[in-house]
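The values are calculated or read from the model by the stated rules, or taken from the named source; none is laboratory data. Computed from a predicted model, the values in this text were never measured in an experiment. Counting neighbours? That spans all protein chains shown, and the Cβs are built from the backbone with ideal geometry, glycine included.
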Amino acid sequence: MKNCIVFIISLAALVLSGCASTSSTNDYGRPGELVDAAVVTINNFSNDPNMTWFRSNVGQARAVIIFPRVVRAGFIFGGSGGSGTMLLRDQKTGEWSYPAFFTMGTGSFGFQAGVDVAEVVLMVMTERGVDRFLSSSVTLGADASVAAGPVGAGVSAAVSDILSFSRAQGVFGGLSLEGGVITPRNEWNSAYYSRDVRTVDILISRSVSNPQADRLRRDVARRAGQ
């Protein structure tokens, strides 16, 4: 029995190390690559016939966080991770900010196996949710409530700080972000804007800009009906 437990733990560790390697391999090498991928993702969501609610309500979000590639893998112990970019809507002007960069990691336990890749978009619906992302890190479900966003038409969303939407085809069923930790990717923020910069400088003060992200800002505004 003891040998069996040791074998399972060793196998789980091996798979998780493979998961980390897979996430690294499938992540983006530069922030500009992530911004370009985010353009594709926001348009994929908006054109998906199953994302009727998302398409009709994205304009109500205070912010959107776009993860073009979240890698999920596991055997008994599982995990997922990816890089994303957040744009904040000015409530007075409706203008969307330049992007701030984040990483997300989640963990889970249960009988699961395999690897797949998902596109994920988070709609931050409340001021409380926005405030949490201006801190050092956010634990979904603890620091800010999170619920799966509805699909289709004629349905209601759960009352939550954050609504999560995912598009994936793979061995895992749904993507639960409960307990996931989202952390600012400060080195990418500084590299993208060519100076030391904080998340609040990008999203609130709006003291930096990069024209490479103008297409993403335009597409998000267009999809939000602005």
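Details
- Residue 12 being at pLDDT below 80, more than 15 Å from residue 166 (Cα to Cα) and not in a strand (DSSP E or B): yes
- Residue ID - surrounded by the most Cβ atoms within 10 Å (Cβ to Cβ), chosen from residues in the range 205-220 that are out of contact with any helix residue (DSSP H, G or I) (no Cβ under 9 Å at 6 or more places or on another chain) and either closer than 17 Å to residue 186 by Cα or of a type in the set (A, V, I, L, M) (or both): 206
- The range 30-55 residues that are β-branched (Val, Ile, Thr), paired with ones that are exposed (fewer than 15 other Cβ atoms within 10 Å of the Cβ) and in a helix (DSSP H, G or I) (beta carbon under 7 Å, 6 or more apart): 35/212; 39/215
- Scanning the range 205-220 for residues that are in contact (Cβ under 8 Å) with a residue 12 or more places away in the chain and of a type in the set (Ser, Thr, Tyr) yields one hit, 209.
- Taking the conditions (1) in a helix (DSSP H, G or I); (2) touching a residue at least 60 places away in the same chain (Cβ under 8 Å) in turn, residue 182 satisfies each one other than (1).
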